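Here's the structure we're looking at; comments come further down.
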Amino acid sequence: MSAALKAEQPALALRITALHPVFAARCEGLDLRRPLTPAQATAVEAAMDRYAVMVFPNQPIDDDLQLAFGRNFGEVEAEPSLVDKARRRLPDNQVNDISNLGADGQLLAADDRRRMYNLGNALWHSDSSFKPTPAKYSMLHARVIPPSGGETEFADMRAAWDSLDEERQAELLPLVADHSLMFSRAQLGFDDFTPEEQAKCVPVPQRLVRRHMGSGRRSLYLSAHIGGIHGMPRPEALMLIRELTEQATKPQFVYSHTWSVGDLVVWDNRCTMHRGRPYADKRYPRDMRRVTLADVAPTLEQPQ
Ligand code: OGA
Ligand code: MN
């Protein structure tokens with residue numbers, strides 16, 4: 001796989017341009033078909049700590065090159081299919097198929113279970129927050145895009161935390177939430193999970209407030225996968241999550257990315273949420289591939 005990598009790239013300075021007043025930046029000056037130097041990888045990670053979302057435009061990479069870029073920054077998560085594994089388009093390895101296509105390359109039918117499951121990406125979430133050790137970065141690459149719609153929106157949960165008053169922050173600080181894929185899907189009425197699927201979706205506890213290691217800033221840790229808060233009646237917990245999600249996704253905290261083919265967008269799931277916006281998925285293909293990196297430990301084991 002690294003045989004596909006071209007010779008190391010010249011030590012070009014990264015050109016980083018802010019895309020939003022509080023976070024998100026575009027990064028030019030790198031050719032992701034070539035290995036990064038250690039200095040370049042360090043510079044990208046430092047920029048990620050500052051901006052949390054970075055757009056690398058015009059990168060003609062394939063799955064293996066996308067994986068190779070990801071490995072500069074951590075361990076790649078396996079991407080096991082939850083629903084209809086046998087009908088998966090990509091081999092069940094480390095690249096997540098974020099598309100509306102079946103194994104035959106055709107659009108998924110309106111009532112296809114995989115399509116309904118995929119619609120959960122339209123809810124504000126943080127990737128893999130339902131895994132004991134959740135995700136660090138996600139890296140999404142656009143291969144085919146629809147003529148309109150299908151933007152991806154990002155929200156900065158550090159800025160949202162900073163916007164809360166001290167009393168509120170003190171109440172939230174000790175809280176622990178339960179996350180499961182079943183909770184996010186149930187919000188859209190997708191709840192016909194098989195017993196095997198349910199067994200894979202046991203809720204995992206995560207801090208509601210965490211410290212983002214690279215920047216030292218505190219962050220809310222919200223996700224559509226949350227289904228309860230320890231020690232709180234469920235309706236009260238879900239109302240609190242809904243209210244915090246509204247706060248965290250106010251326009252001043254949101255960057256909306258309009259895709260071009262070849263864009264690689266990297267986001268830090270430890271301190272941002274994202275959601276996919278609608279498009280005419282019964283008419284046009286949208287083929288995106290995601291490589292996801294695991295964080296170092298469950299949030300409860302990380303210093304707050
Ligand atoms: C993802 C995701 C949204 C989109 O890839 O994790 O949520 O716009 N994608 O495809
Ligand atoms: Mn996602």
Inset, instruction - Would you kindly identify the strands (runs of 3 or more DSSP E) lying entirely within the range 130-199 that contain at least 3 residues that are within 16 Å of ligand 1 (Cβ to nearest atom) and either at pLDDT below 95 or surrounded by 15 or more Cβ atoms within 10 Å (Cβ to Cβ) (or both)? - result: 135-144, 152-156
Inset, instruction - Restrict the check to the range 12-24 and report whether at least one residue is under 21 Å from Lys136 (Cα atoms), among the hydroxyl-bearing types (Ser, Thr, Tyr) and at pLDDT 95 or above. - result: no
Inset, instruction - Starting from the range 67-82, take each residue that is at pLDDT below 90 and list its partners that are not charged (D, E, K, R) and not in a loop (DSSP other than H, G, I, E, B), counting only C-beta distances under 8 angstrom and pairs at least six apart or across chains. - result: Glu79/Asn96; Glu79/Thr292; Leu82/Tyr117; Leu82/Leu181
Legend entry - Among (1) within 25 Å of Leu30 (Cβ to Cβ); (2) surrounded by 21 or more Cβ atoms within 10 Å (Cβ to Cβ); (3) touching a Lys or Arg at 6+ places or on another chain (Cβ under 6 Å), the one test that Asn100 misses: (1)
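Looking for whichever is free of Cβ contacts under 8 Å to residues at least 24 places away in the same chain and basic (Lys, Arg) here; the options are Arg50, Arg89. Which one fits?
Arg89 is the lone residue from the list that is free of Cβ contacts under 8 Å to residues at least 24 places away in the same chain and basic (Lys, Arg).
Does Glu236 meet the test of being away from ligand 2 (no atom under 16 Å from the Cβ), surrounded by fewer than 18 Cβ atoms within 10 Å (Cβ to Cβ), more than 20 Å from the chain's Cα centre (by Cα) and of a type in the set (Asp, Glu)?
Spelling it out, Glu236 is indeed away from ligand 2 (no atom under 16 Å from the Cβ), surrounded by fewer than 18 Cβ atoms within 10 Å (Cβ to Cβ), more than 20 Å from the chain's Cα centre (by Cα) and of a type in the set (Asp, Glu).
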Legend entry - the range 97-122, residues that are in contact with a Phe, Trp or Tyr (Cβ under 7 Å, 6 or more places away or on another chain) and either away from ligand 2 (no atom under 13 Å from the Cβ) or more than 23 Å from Arg275 (Cβ to Cβ) (or both): Met116
Inset, instruction - May I ask you to say which residue of Ala135, Ala110, Ala177, Ala86 is touching a helix residue (DSSP H, G or I) at 6+ places or on another chain (Cβ under 8 Å), hydrophobic (A, V, I, L, M, F, W, C) and at negative phi? - result: Ala177
Inset, instruction - Enumerate the strands (runs of 3 or more DSSP E) found wholly within the range 9-68, keeping only those where 2 or more residues are more than 17 Å from Ser260 (Cα to Cα). - result: 15-18
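Which of the residues spanning the range 228-249 are free of Cβ contacts under 8 Å to residues at least 60 places away in the same chain and either over 17 Å from Pro174 (Cα atoms) or touching a Gly at 6+ places or on another chain (Cβ under 6 Å) (or both)?
Those that are free of Cβ contacts under 8 Å to residues at least 60 places away in the same chain and either over 17 Å from Pro174 (Cα atoms) or touching a Gly at 6+ places or on another chain (Cβ under 6 Å) (or both): Arg234, Pro235, Met239, Arg242, Glu243, Glu246.
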Inset, instruction - List the number of the failed condition for Glu77; all other conditions in (1) acidic (Asp, Glu); (2) within 16 Å of ligand 2 (Cβ to nearest atom); (3) more than 19 Å from the chain's Cα centre (by Cα) hold. - result: (3)
Inset, instruction - Evaluate the following for Arg211: is it under 19 Å from the mean Cα position of the chain (by Cα), away from ligand 2 (no atom under 16 Å from the Cβ) and basic (Lys, Arg)? - result: yes
Inset, instruction - Find the strands (runs of 3 or more DSSP E) located wholly in the range 249-291 whose residues include 1 or more that are under 15 Å from the mean Cα position of the chain (by Cα) and of a type in the set (Asp, Glu), and list them. - result: 264-268
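Residues checked against (1) within 14 Å of ligand 1 (Cβ to nearest atom); (2) in contact with a Lys or Arg (Cβ under 8 Å, 6 or more places away or on another chain); (3) not hydrophobic (A, V, I, L, M, F, W, C):
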position: Asp64; (1), (2), (3): no, no, yes
position: Leu67; (1), (2), (3): no, no, no
position: Glu75; (1), (2), (3): no, no, yes
position: Glu79; (1), (2), (3): yes, yes, yes
position: Arg89; (1), (2), (3): no, no, yes
position: Gly105; (1), (2), (3): no, yes, yes
position: Tyr117; (1), (2), (3): yes, yes, yes
position: Gly120; (1), (2), (3): yes, yes, yes
Inset, instruction - Considering only the range 253-290, state which residues are near ligand 1 (Cβ under 10 Å from one of its atoms), farther than 13 Å from Leu19 by Cβ and among the hydrophobic types (A, V, I, L, M, F, W, C). - result: Trp259, Met273, Met288
Inset, instruction - Please name all residue pairs, on different chains or six or more residues apart, with Cβ atoms under 8 Å, provided the first residue is in the range 183-209 and is under 14 Å from Leu119 (Cβ atoms) and the second residue is hydrophobic (A, V, I, L, M, F, W, C) and part of a helix (DSSP H, G or I). - result: Leu188/Met116; Leu188/Leu119; Phe190/Met116; Phe190/Leu119; Asp191/Met182
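The values are calculated or read from the model by the stated rules, or taken from the named source; none is laboratory data. Source: prediction; values computed, not measured. All Cβ positions, even for glycine, are placed from backbone atoms using ideal geometry, and neighbour counts span all protein chains on display.
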